[in-house]
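Data block below; observations after.
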Amino acid sequence: MSVQDFALAAEVAARRRLGATVALTALVVLLVLISLGIGPVRLSPLTVIAALFGGGSDVAQVIVREIRLPRTILAFAIGGILGLSGAALQGLLRNPLASPSLFGAPQAAAFGAVLVIALGLADVRSFALPVAAIIAAFGSVFALLAIAGRTAGLLILILSGLAISSFAGAATALVMNLSSNPFVALEIAFWLLGSLEDRSFQHVMIALPFIVAGAVILLSQASSFRALTLGEEAAQSLGVDVARLRLFVISGVALGVGGAVAVTGTIGFIGLVAPHLMRPVIGHDPARLLVPSALAGSALLLAADIAVRVIPSTSDIKVGVLTSIIGVPFFLYLIMRERRVLGGGVA
Amino acid sequence: MTLLSATHLNASLGSRHVLHDISLSLSSGHLVALVGPNGAGKTTLLRALAGLIPSRGDIRIGGDALSSLSLRERSRRFAYLPQGHMVHWPLPARDIVALGRYPHGATDPARLSPDDMAAVLRAMQAVDVIAFGDRRVTELSGGERSRVALARVLAVEAPVILADEPAASLDPRHQIDVMQRLRGVADAGVLVVVVTHDLGLAARFADHVLVLSEGRLASQGAPVEALSEAVMAEVVRISAYRAEYQREAVIVPWADV
């Protein structure tokens, strides 16, 4: 093998990745158009495009730009940040089973938001909500990494994630239990289910800054994840400040997941599934997986949110319920596949 | 010429005081074997020398105090090979070796500068892993994987290589192969420090042996002197068959004492 062979092999792999990313982007664009077209009034993709850019009838414009666009933006952004958070956590922990929802981050964020409402500190559309959600999510991910420590064995990670999400769930139930106001209980139930229905641009404005900040932080750490392939010690010897990296990832995940949960409630398992769907296409390099995983997350949540509107049912299916119904069996499948490693105790 | 020196080095892991007042001075072009019983502090000493864990005392590398160097500068002076050749994701061997250029700013193996690519190729040639550059490291045999790990360390092209048991869990042929390649690197002017439990390999390949016992430097010097019968009895707590073969020292552990 020579320098030319080297460059050639790298180029072939790069072209494959580029092709996959372009295809994925096209899929996301298509899903965005479908998502904008679906509802009580069905609009064709062409009508949607026309309405988006100020053409077509006034009614179509109002439906697309004011009623459906916020929902679609949120599905895109939240699916994206969940996929990105999953890929980043898997990179940090060198572990294909890591994801925000398994570690209790959305559950903790939901608790933070619920607490603020139950205490009557803020109404549903204030910035206090995402801030509380972010603080709680930060606390949960920080606690998890503190318990699991440097070696991050699979068993310890999953057990402590289970403990943290159960604790967050119990704390939320306690708030529900103690609140005398039935509206608060209703509000909490909404957070536990996770939905994108009836979201306005106000919701977008609340969530988006935090989601973008989280995404920027996580993407800026890409190459450090690659060095971590060799383990923490070797990565540090290559010049990666592992302690700082860990803090960045916790902050990025907390900002993104907290911001997302504050407007939609808990939507689980996208962060787990998205990187797995991308590995066969993109490869296992944790740095290269970040952007495709975000796109896959967007596609998944957009598709799930389209599905809940299409599936005929007497009452509305919540999108968070749907992602969990699909995500949990997938998680079980992953456990089956990783059984050998799990049985060994250490990843 | 002294390249790496430590004076009154002390280090703790949690509340346990692991290294006690270690002073040493190592020269470029030498292969140094760091030996001692389990728990003597060999790995801790290696980590402290590379600046991977905090320590007290003075470490100097090429005239500079280690504490005055940034993480990036340290990473260019020390190539560190941890125990076990751990690779967490099934990346192609070529990408793993390319991580050796990370300290030089080449963080993406698909976008290496011509200089970085040449360094990667040199390293892969030196340990003969070019043939399986495209294969995933997880699919390689133990011997092949240890060579890929070695190539990654060589690709840093650092003046100091610190290797923690690079030959452990390999068959005798591959053990000798790895040590011979490290010997060659040292002969080319690099300071190579190797942690090993194999006194035979230490005696055969090292210029200088450091014997560590309970966090203290029990003896050091040329293999035959550092691993004298007295040291073997007191520190390693074994007797050994000692001889000379093809003008190299032979030490074969024989019985406990």
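The numbers here are math on the coordinates, done by the rules we state, and not lab data. Quick caveat, the model's predicted, so the values are computed rather than measured. Glycine gets a Cβ as well: all are built from the backbone with ideal geometry, and neighbour counts include every protein chain shown.
Overview of results
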item: Residues located in segment B:97-110, provided they are in a helix (DSSP H, G or I) and surrounded by 24 or more Cβ atoms within 10 Å (Cβ to Cβ); result: B:Val97, B:Ala98, B:Leu99, B:Gly100, B:Arg101, B:Tyr102, B:Pro103
item: Residue match in segment A:36-47 (condition: more than 27 Å from the chain's Cα centre (by Cα), assigned to a helix (DSSP H, G or I) and away from chain B (no Cβ under 14 Å)); result: yes
item: Subset tally (residues that are part of a loop (DSSP other than H, G, I, E, B), touching a helix residue (DSSP H, G or I) at 6+ places or on another chain (Cβ under 9 Å) and among the small types (Gly, Ala, Ser)) for segment B:60-91; result: 1
item: One residue from A:Ile282, A:Ile335, A:Ile306 being farther than 30 Å from B:Leu71 by Cα and surrounded by fewer than 17 Cβ atoms within 10 Å (Cβ to Cβ); result: A:Ile335
item: Single residue of segment B:200-222 satisfying the filter (assigned to a helix (DSSP H, G or I) and more than 15 Å from the chain's Cα centre (by Cα)) that is surrounded by the most Cβ atoms within 10 Å (Cβ to Cβ); result: B:Ala203
item: Filter result (exposed (fewer than 15 other Cβ atoms within 10 Å of the Cβ) and within 12 Å of chain A (Cβ to nearest Cβ)) within segment B:55-71; result: B:Ser70
item: Filter result for A:Ala287 (within 14 Å of chain B (Cβ to nearest Cβ) and aliphatic (A, V, I, L, M)); result: yes
item: Which listed residue, of A:Ala98, A:Ala88, A:Ala77, is crowded, with 19+ Cβ neighbours inside 10 Å and within 13 Å of A:Ala262 (Cβ to Cβ); result: A:Ala77
item: Residues (touching a helix residue (DSSP H, G or I) at 6+ places or on another chain (Cβ under 6 Å) and over 20 Å from A:Leu230 (Cα atoms)) located in segment B:113-144; result: B:Ala126
item: Condition check for B:Arg94: in a helix (DSSP H, G or I), more than 16 Å from the chain's Cα centre (by Cα) and facing chain A (nearest Cβ under 8 Å); result: yes
item: Matching residues in segment B:55-73 - criterion: being farther than 16 Å from B:Leu45 by Cβ and not polar (S, T, N, Q); result: B:Gly62, B:Gly63, B:Asp64, B:Ala65, B:Leu69, B:Leu71, B:Arg72, B:Glu73
item: Failed condition for B:Pro103, given (1) out of contact with any Gly (no Cβ under 6 Å at 6 or more places or on another chain); (2) facing chain A (nearest Cβ under 7 Å); result: (1)
item: Any hit, segment B:115-124, residues being of a type outside the set (Phe, Trp, Tyr) and more than 26 Å from B:Gly29 (Cα to Cα); result: no
item: Members of segment A:215-250 that are on the phi > 0 side of the Ramachandran plot and polar (S, T, N, Q); result: none
item: Some residue of segment A:218-229 being buried (at least 20 other Cβ atoms within 10 Å of the Cβ), of a type outside the set (D, E, K, R) and closer than 18 Å to A:Ala77 by Cα; result: yes
item: Yes/no for A:Leu89 being within 14 Å of chain B (Cβ to nearest Cβ) and under 14 Å from the mean Cα position of the chain (by Cα); result: yes
item: Top-ranked residue of segment A:227-239 - restricted to ones that are within 7 Å of another protein chain (Cβ to nearest Cβ) and either touching a Ser or Thr at 6+ places or on another chain (Cβ under 8 Å) or in contact (Cβ under 8 Å) with a residue 60 or more places away in the chain (or both), ranked as farthest from A:Gly83 (Cα to Cα); result: A:Ser237
